[in-house]
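Novice: After the structure tokens below, expect a handful of questions from me.
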Amino acid sequence: MSDTIQILMLAAGASRRMQGEDKLLRDAGGQPLLVRALRHACDSCASAVSVVLPEGNQTRAENVKDLSVRPVTCADWENGMGASLRAGIASLPVCNAVIVALADMPDLSPDHYNAVINAFEGLPDDVRSRAILRAVSERGQPGHPVLFGADWFEELATAQGDQGARAILQREKEHIMEVPTPGAGAVTDLDTPEAWAAWEAAQGKNT
């Protein structure tokens, strides 16, 4: 188990594209999507998992209270993903890397996290702190989770708007290490009714 790599799950969004439904509380394979995503993260070999939740949302908080995760409250969550990332980074204990993950991705398995962790731990010591490792699907599509070495924490702590870490990823394209992961889990997110319908239909075909 790594004692230096933390997973930071961003789960403070407003589900604005879900026509009034909270996507993170919708059933995904027998459990709320938020719970499913966090359990997958907890089953990885990362040392700990933190989850950023919106201030005042007691229902989401209740859903995670029995999980082995550290809840982080984001007071200005309505300002976008950048606010969630700032709150999460500010709350982290001392660590060598953080894996940023999104709570609306149902098929991110422990294998996805472990692939990124193993790749990071295989790097030379002198390059780890500046490393960025990004999971890609089996078709080579870049997605999540994304690991950032400790040298990036200061910039992540100033993320603005709804971009999250996108500014870094766009600027540092040539220096990002892509990590192959199974299936399409790295690029499957459920943020619209249409995406949910397609995913649910696929689950039925796979059972």
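We did not get these values from a lab; they are worked out from the coordinates using the rules stated. Because the structure is predicted, anything quoted here is derived from the model rather than measured. FYI the Cβ positions are ideal-geometry reconstructions off the backbone, even for glycines, and counts take in every protein chain you see.
Novice: Just from its helices, what would the mean residue ellipticity at 222 nm be for the chain, if runs of 4 or more DSSP H residues each count -39500 (n - 2.57) and the sum is divided by every residue, rounded to the nearest 500 deg cm²/dmol?
Specialist: Rounded to the nearest 500, the figure is -9000 deg cm²/dmol.
Novice: Report, to one decimal in Å, the Kirkwood hydrodynamic radius for the stretch 1-131 based on all distinct Cα pairs. Please report the intermediate quantities before stating the final value.
Specialist: Details: mean 1/r = 0.0661 Å⁻¹.
Value: 15.1 Å, from the Cα pair sum.
Novice: On a full-extension model of 0.36 nm per residue, what is the gain between A201 and R139, subtracting their alpha-carbon distance, rounded to one decimal in nm?
Specialist: Gain in length upon complete extension: 20.2 nm.
Novice: Return, ordered by residue number, the residues of the stretch 76-116 whose backbone nitrogen is under 17 Å from a label point located 7 Å along Cα→Cβ of Q170.
Specialist: Label zone hits: 80-83.
Novice: Here's something else I'd like to know. Tell me the GluC sites (Glu not before Pro) within the stretch 58-149 that lie in a loop according to DSSP and have at most 13 other beta-carbon atoms within 10 Å.
Specialist: Values: sites: E62, E78, E121, E138; in loops: E138.
Counting only loop positions with at most 13 other Cβ atoms within 10 Å, the GluC sites (Glu not before Pro) in the stretch 58-149 are E138.
Novice: Computed FRET efficiency, Cβ-Cβ of E194 and K65, R0 41 Å: what is it to the nearest 0.05? Intermediate results must be reported in sequence, preceding the final value.
Specialist: Numbers: r = 32 Å, r/R0 = 0.77.
About 0.85, to the nearest 0.05.
Novice: Roughly what % of DSSP beta bridges within the stretch 9-121 run antiparallel, to the nearest 5?
Specialist: Rounded to the nearest five, the antiparallel share is 10 percent.
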